[in-house]
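The values are calculated or read from the model by the stated rules, or taken from the named source; none is laboratory data. The structure displayed is predicted, hence computed values, not measured ones. Please note: Cβ atoms are built from the backbone with ideal geometry, for glycine as well, and neighbour counts cover all protein chains shown. Accessible surface areas use protein heavy atoms only, side chains included; no ligands, DNA or RNA. Shrake-Rupley method; radii C 1.70, N 1.55, O 1.52, S 1.80 Å.
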Amino acid sequence: MRAMRAETFSGYQGLKLIELPKPAVTKGKVMVRITAAGVTPLDYTILSGKFHGSKAPLVLGNEGAGVVEQGGGTDFPVGSRVMFFGTYGAFEDGTYSEWVAVRKEDLCLIPDNVDDVSAAGIPVAYLTAQVALTLAGFRAGKTVLAPAIGGSIGNAVTQLARAMGAKHAISSTTNHAKAEQAKALGFNEVIDTSLEKLGDGVRRITSGYGADIVIDGIGGEVFSEALGVLALGGSLTTLGYSASRKTTIDVINLIVPQASIRGLNMFAQPKASIRAAWNVIVSLLKSGAIKPIVAKTFPLVEAVDALRYLVEGRPFGRVILTI
């Protein structure tokens, strides 16, 4: 089978198209013919040699969509369309390939109103967003901030919070064109940080209240700025560092509102938490309350171009490989 494998963790040049044997189906695993794979910032982090625990050579891709060919039993019959997320592409070969033997507990049936390309971009973003919101104690009426509306986490958190009854579901962008695009797509609480500071925007939208919950997938200065908008008893969950792993904070932003910071590692989440998140996501997908946004697709052989587009082009929406 064809696969795009990181032969070395040396940046784009390390990713090569190769032929590999089709994986064997062992107990508890399901053979899935991959039709589409999500391209994520983690893929680039791994390819650049900046992720702990990954070892080359490695087929990238920790989320995907496809069709069950064998081993799914009555839960996932042959021919079922499925999507999944897991340690694939990080600690074992992943979805930048034509077939993957997937652990049964990682699978989720794709709703009929969602196509495979869109489905491939759902697992990482929406599972992470839903788990983060749940751990932060989200409930209807809360105010949520998730910076970077064009990115996968910012977009998914904003959509989920809004669909589940948030008082405010706020995001941001440094790009004026993205702010206009977000508005055209119905995101009416996006702060254009080319025109105003993040904190000023949050205070404007919330009439000075601030945010009960911040879900930050950016890191760097955004983390520090977002910490300063927390409401009394608020919390910030950090789960990504596409801007930077390092920042400085003003401890007053924690002490005065009696706020808290927590980290989230999706690879360490209990299966029960993932399943509960899937149940919420699938229900909202079926109703049309949330809808993944795909910026561009690339064929498998152009995975390098897809990663470069994601990292350097910073598109609004997901980048997907079609296989």
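Modelling each spin label as a point 7 Å along the Cα-to-Cβ direction, I'd like the Ala56/Glu69 distance in nm, to one decimal.
Reported label-point gap for Ala56 and Glu69 is 2.8 nm.
Could you work out what % of the accessible surface of the range 32-116 is carbon and sulfur, using a 1.4 angstrom probe and leaving DNA, RNA and ligands out of the count?
Carbon and sulfur atoms account for 52 percent of the accessible area of the range 32-116.
Would you grab the residues whose amide H sits under 5 Å from the one on His168? Only those 5+ places off in sequence or on another chain, please, with H modelled 1.01 Å from N.
The list, which skips near neighbours in sequence, is Thr143, Val144.
State the Cα centre-to-centre distance between the range 191-268 and the range 294-323 in whole Å.
After rounding, the separation between the Cα centres reads 28 Å.
Leaving out ligands and nucleic acids, note down the accessible area per residue over the range 39-87 with a 1.4 angstrom probe, in whole Å².
On the way: 1870 Å² over 49 residues.
Ligands and nucleic acids excluded, the figure is 38 Å² per residue.
Near Lys183, which lysines are there with a Cα under 17 Å away, not counting those fewer than 8 places off in the same chain?
Cα-Cα hits under 17 Å: Lys291.
To the nearest 0.05, how large is the calculated FRET efficiency for Thr322 and Tyr12 if R₀ is 22 Å and r is the Cβ-Cβ distance?
That pair, Thr322 with Tyr12, gives E of 0.65.
List every residue whose amide H lies under 5 Å from the amide H of Thr35, counting only residues 5 or more places away in sequence or on a different chain, with H placed 1.01 Å from N in the peptide plane.
Here Ala65, Gly66, Val67 satisfy the definition.
Counting only heavy atoms of protein chains, what accessible area per residue, in Å², does the range 171-263 have with a probe of 1.4 Å?
52
Select from Gly217, Gly313, Gly94 the residue whose mean-square fluctuation is largest in a Gaussian network model of the chain (Cα-Cα springs shorter than 10 Å).
Between Gly217, Gly313, Gly94, it is Gly313 that shows the largest mean-square fluctuation.
Using the Karplus curve 6.51 cos²θ - 1.76 cosθ + 1.60 with θ = phi - 60°, work out ³J(HN,Hα) for each residue of the range 41-56 in order, rounded to whole Hz, and write x for Gly and Pro.
Each residue's phi maps through the Karplus curve to give x, 4, 4, 6, 4, 5, 4, 8, x, 10, 10, 5, x, 6, 10, 7 Hz.
So between Ile255 and Lys291, what do we pick up on full extension, going 0.36 nm a residue minus the alpha carbon distance?
9.2 nm
Please tell me which of these pairs span more than 24 angstrom C-alpha to C-alpha: Lys246/Lys271; Lys197/Lys246; Lys271/Lys296; Lys22/Lys104; Lys178/Lys246?
Pairs exceeding the cut-off: Lys246/Lys271; Lys271/Lys296; Lys178/Lys246.
What residue among Gly186, Gly61, Gly240 shows peak mean-square fluctuation when the chain is described by a Gaussian network model with Cα springs under 10 Å?
Gly186
Among Thr143, Thr248, Thr95, which one shows the biggest mean-square fluctuation in a GNM of the chain, springs joining Cα atoms closer than 10 Å?
Looking only at Thr143, Thr248, Thr95, the largest GNM fluctuation is found for Thr248.
Per residue of the chain, what 222 nm ellipticity follows from adding -39500 (n - 2.57) for every DSSP H run with n ≥ 4, rounded to the nearest 500? Let's see the in-between values first.
Values: 10 runs with 89 residues, N = 323.
The helix contribution divided over the chain gives -7500 deg cm²/dmol.
Quick check: residue separation of Arg314 and Asp115 times 0.36 nm, minus the Cα distance between them. What number comes out in nm? Before the final figure, lay out each step's value.
On the way: separation 199, 0.36 × 199 = 71.64 nm, distance 2.34 nm.
Gain in length upon complete extension: 69.3 nm.
From the convex hull of the Cα coordinates of the chain, what is the mean projected area in square nanometres?
Directional mean of the projected Cα hull area for the chain stands at 15.4 nm².
Between Glu221 and His176, what length in nm is gained on full extension when 0.36 nm per residue of separation is reduced by their alpha carbon distance?
14.3 nm
As I understand it, the value is the acute angle between the Cα axis of helix 152-163 and the longest principal axis of the Cα atoms of the chain; what does it come to in degrees, rounded to 10?
70
Let's test the formula: R0 of 35 Å, r as the Cβ-Cβ distance of Leu185 and Ala268. What FRET efficiency results, to the nearest 0.05?
Numbers: r = 33 Å, r/R0 = 0.93.
Between Leu185 and Ala268 the formula returns 0.60.
How large is ³J(HN,Hα), in whole Hz, for each residue of the range 277-286 in order, when computed from phi with the Karplus curve 6.51 cos²θ - 1.76 cosθ + 1.60 and θ = phi - 60°, using x for Gly and Pro?
Result, rounded to whole Hz: 5, 4, 4, 5, 4, 4, 4, 6, 5, 4.
Around Ser80, which amide H atoms from residues at least 5 apart in sequence, or from another chain, sit under 5 Å from its own amide H, with H modelled in the peptide plane?
Amide H neighbours of Ser80: Val68.
I need the phi-derived Karplus couplings for the range 313-323: 6.51 cos²θ - 1.76 cosθ + 1.60, θ = phi - 60°, integer Hz, Gly and Pro marked x.
Computed from phi, the couplings for the range 313-323 are x, 6, x, 8, x, 7, 10, 10, 8, 9, 10 Hz.
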